1. Identify all residues within the stretch B:96-123 that are charged (D, E, K, R) and more than 10 Å from chain A (Cβ to nearest Cβ); write none if there are none.
2. When the residues of the stretch A:14-38 are narrowed to those that are surrounded by fewer than 21 Cβ atoms within 10 Å (Cβ to Cβ) and in contact with a Phe, Trp or Tyr (Cβ under 9 Å, 6 or more places away or on another chain), which ends up nearest to A:P133 (Cα to Cα)?
3. Every residue in the stretch A:324-348 that is crowded, with 24+ Cβ neighbours inside 10 Å and either touching a strand residue (DSSP E or B) at 6+ places or on another chain (Cβ under 7 Å) or not in a helix (DSSP H, G or I) (or both), please.
4. State yes or no: is A:A248 in a helix (DSSP H, G or I), within 14 Å of another protein chain (Cβ to nearest Cβ), at pLDDT 85 or above and within 25 Å of A:A274 (Cβ to Cβ)?
5. For the condition without any contact (Cβ under 8 Å) to a residue 60 or more places away in the chain and in a helix (DSSP H, G or I), what is the one hit in A:I32, A:I61, A:I25, A:I49?
6. Identify the residue in the stretch A:369-390 that is modelled with pLDDT of 80 or more and within 14 Å of another protein chain (Cβ to nearest Cβ) and, among all such residues, is nearest to A:E224 (Cα to Cα).
7. Is it true that some residue in the stretch A:128-144 is assigned to a helix (DSSP H, G or I), among the β-branched types (V, I, T) and crowded, with 19+ Cβ neighbours inside 10 Å?
8. Which of (1) in contact with a helix residue (DSSP H, G or I) (Cβ under 6 Å, 6 or more places away or on another chain); (2) at the interface with chain A (Cβ under 7 Å from one of its Cβ atoms) does B:G36 not meet, given it meets every other one?
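The values are calculated or read from the model by the stated rules, or taken from the named source; none is laboratory data. Source: prediction; values computed, not measured. Please note: Cβ atoms are built from the backbone with ideal geometry, for glycine as well, and neighbour counts cover all protein chains shown.
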Amino acid sequence: MDVLTNLYHGFHTALTLNNIYLCFIGCLWGTIIGVLPGIGPMAGIILLIPATYGLDATSAIIMLAGIYYGAMYGGSTTSILMNIPGESASIVTCFDGYQMTQKGRGGAALFVAAWGSWIGGILSLIGLMILAPSLANFAMKFGPPEMFAVLLIAFVLLGSLGRDSFFKSMPMIFLGLFLGTVGMDQMTGYLRFTHGIRELYDGIGFMPVAMGAMGVGEVLSSTEESLVRIVHRVRLRELLPTRQELRASWGPIFRGSGLGFVIGLLPGSAHVLASFVSYLVEKRVAKNPEEFGTGRIEGVAGPETANNAASGGAMIPFLGMGIPTSPATAVMMFALIIHGIRPGPLFISEQPRIFWGLIASMCIGNVILIILNLPLVGIFVNLLRIPFRVLFPMILLICLVGTYSVNYNTFDLGVLFAFGVLGYVFRKIKFDIAPFVLAMLLGPLVEEALRLSLMRSGGSFSIFWNHRIALTLIISSCLLFLWNIYRGIRPSKATWERALQEGEG
Amino acid sequence: MTRERVGSLIFLFFGIYGLVFSLGIPFGSWKRPGPGVFPLSLSILLSISGILWFIVGKRKGGGEKRTEWRKFIKQFTTSFQIAVATAAFILLLNRVGYLLTSTLYLLVLFLWVCRYRLWAATGLAFCLGVGSWLFFGKLLDVQLPQGLFPL
């Protein structure tokens with residue numbers, strides 16, 4: 001009953017003309033971002049942050065969240081119609097989605113992808129409504145040792161589940177943590193690595209780093225790719241799936257919702273992981289798994305539902321504990337901080353208007369998105385005809401102005417430039433930049449938690465094993481860390497077979 | 001030069017930089033850890049990561065062919081052009097003003113990088129430059145530098 005009352009107040013907040021309009025703008029922009037390859041949801045959110053400066057925090061987060069889950073809807077369009085994933089989470093949709101287009105069933109694939117995304121979005125919202133307040137209540141019992149332990153396991157999970165190998169992700173996390181120490185130490189006021197540069201006293205600045213590394217870096221590497229785009233047209237009457245296709249998609253949609261929601265709780269590339277796991281599960285449970293990759297509707301329904309359901313799951317640690325688990329939620333957290341609000345265990349109880357307003361707006365947003373992605377899909381498909389060489393200069397300009405508008409300072413532009421080049425270099429050498437960005441944002445929290453814990457215990461590390469939750473999490477982190485090291489250094493199956501053959505010879 | 005070695009050099013650079021400068025930051029004690037502990041620990045981890053990746057890079061690069069430098073440099077031409085144009089934008093922004101700088105920046109990108117014809121590049125740069133000025137400066141009320149031509 002409490003949830004229903006809060007939800008009622010949430011709708012009261014979200015159903016104002018202004019907030020509906022902003023939700024629409026966010027969903028529209030998110031869909032465009034999802035459709036256009038070369039720009040991810042994080043860059044899409046960053047580009048619109050300057051537009052939120054004149055808004056209150058509730059309206060700002062409503063719009064930015066719309067971009068986040070909107071991008072998951074839009075990413076399937078190019079996967080299905082062009083065999084080019086609009087988002088990394090839609091890679092799997094290419095396998096069967098494009099095959100369906102080749103068979104003239106592209107419209108049905110688009111319908112099922114949108115329908116599944118809608119159901120996954122709504123079900124994960126229900127999970128968010130129930131779990132986030134419970135998690136926040138639980139997290140209120142957390143002190144510095146528990147906070148340190150949670151962040152430690154978050155980083156180890158980020159390294160394990162990220163796009164890259166563990167051994168590539170961990171140095172990126174270390175680098176992000178290190179650069180997070182630049183500036184004034186919060187506890188003593190001591191200036192670290194500032195070299196007398198006044199602009200560095202408050203740290204390097206998350207916005208120019210994120211904008212540079214993820215936005216500018218992504219554009220620089222995208223301009224090197226030349227894409228030949230064959231865009232298949234889809235007519236409105238071709239959108240409806242057959243009864244058989246609808247029946248076949250129900251199971252994957254419900255399985256994808258559950259899987260996506262749970263995987264969304266984990267740090268790292270949750271959306272990508274959710275869609276891949278869903279695809280593997282559908283292949284495993286199917287009667288004819290060899291048909292996957294030839295145009296099976298289950299291969300579209302499950303992954304697309306899962307990647308959207310992961311958005312709801314990812315909101316739980318972000319809103320319930322103040323720990324963003326993906327670059328997109330990290331940027332949303334930054335946007336809230338700009339508005340003077342820091343998500344954490346007290347966020348839901350102290351800012352119920354924002355939390356429940358956001359939940360209600362996500363319900364509204366999911367309805368807006370299904371309207372945008374079905375009858376209006378033809379409009380978005382036409383966007384793909386705009387050459388990237390027209391788009392990228394505008395994207396760069398928006399990144400520059402967006403960064404400048406935070407502090408009205410060209411120093412931030414210099415930081416953007418430097419991290420844009422660094423982000424580009426990391427992309428070229430195939431090191432994932434996302435763990436670096438997340439670690440930079442969360443680094444100060446880790447350090448503060450560790451130092452406060454040691455101060456409380458008088459310098460003794462026993463504080464960590466005297467707190468059961470912290471002890472459990474730290475042991476889990478150590479086991480996971482060791483497991484990843486073992487997985488990385490053990491000989492592969494091929495090496496064993498070769499050794500056995502040589503032994504027999 | 002393998003990818004792993006490039007990565008290792010970046011990690012080593014930050015690791016050594018951190019080691020050198022964090023030694024001058026107070027460490028405090030176990031009871032009151034100072035601001036130097038965390039950066040020093042991370043610098044050590046970065047340096048170790050850098051060394052390990054350098055070794056991995058050396059093993060992978062053992063059998064590689066001689067680098068064709070011209071081909072290697074050519075693949076970075078577009079990115080280099082964009083970087084130079086962006087650097088010029090940043091340097092000129094406060095002096096010249098947003099309106100002119102953004103239009104010139106877009107013109108350079110459309111002409112030099114995208115290789116549009118002069119009339120197309122000029123038209124696009126003008127429309128998008130003025131459009132962005134109106135959108136950010138007037139609609140979103142962002143205080144853009146006036147520079148030489150206050151408007």
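1. Selection gives B:R117 alone.
2. If we take residues in the stretch A:14-38 being surrounded by fewer than 21 Cβ atoms within 10 Å (Cβ to Cβ) and in contact with a Phe, Trp or Tyr (Cβ under 9 Å, 6 or more places away or on another chain), then A:I32 is nearest to A:P133 (Cα to Cα).
3. A:P324, A:T325, A:S326, A:P343
4. On the way: in a helix (DSSP H, G or I): yes; within 14 Å of another protein chain (Cβ to nearest Cβ): no; at pLDDT 85 or above: yes; within 25 Å of A:A274 (Cβ to Cβ): yes.
It is false that A:A248 is in a helix (DSSP H, G or I), within 14 Å of another protein chain (Cβ to nearest Cβ), at pLDDT 85 or above and within 25 Å of A:A274 (Cβ to Cβ).
5. Values: A:I32 fails: without any contact (Cβ under 8 Å) to a residue 60 or more places away in the chain; A:I61 fails: without any contact (Cβ under 8 Å) to a residue 60 or more places away in the chain; A:I49 fails: without any contact (Cβ under 8 Å) to a residue 60 or more places away in the chain.
The unique qualifying residue is A:I25.
6. So the residue we want is A:R389.
7. Here is the first cut: in the stretch A:128-144, the ones assigned to a helix (DSSP H, G or I) are A:128-139, A:144.
With the extra rule that they be among the β-branched types (V, I, T), the set shrinks to A:130.
Remaining after also requiring crowded, with 19+ Cβ neighbours inside 10 Å: none.
No.
8. All conditions are met except number (2).
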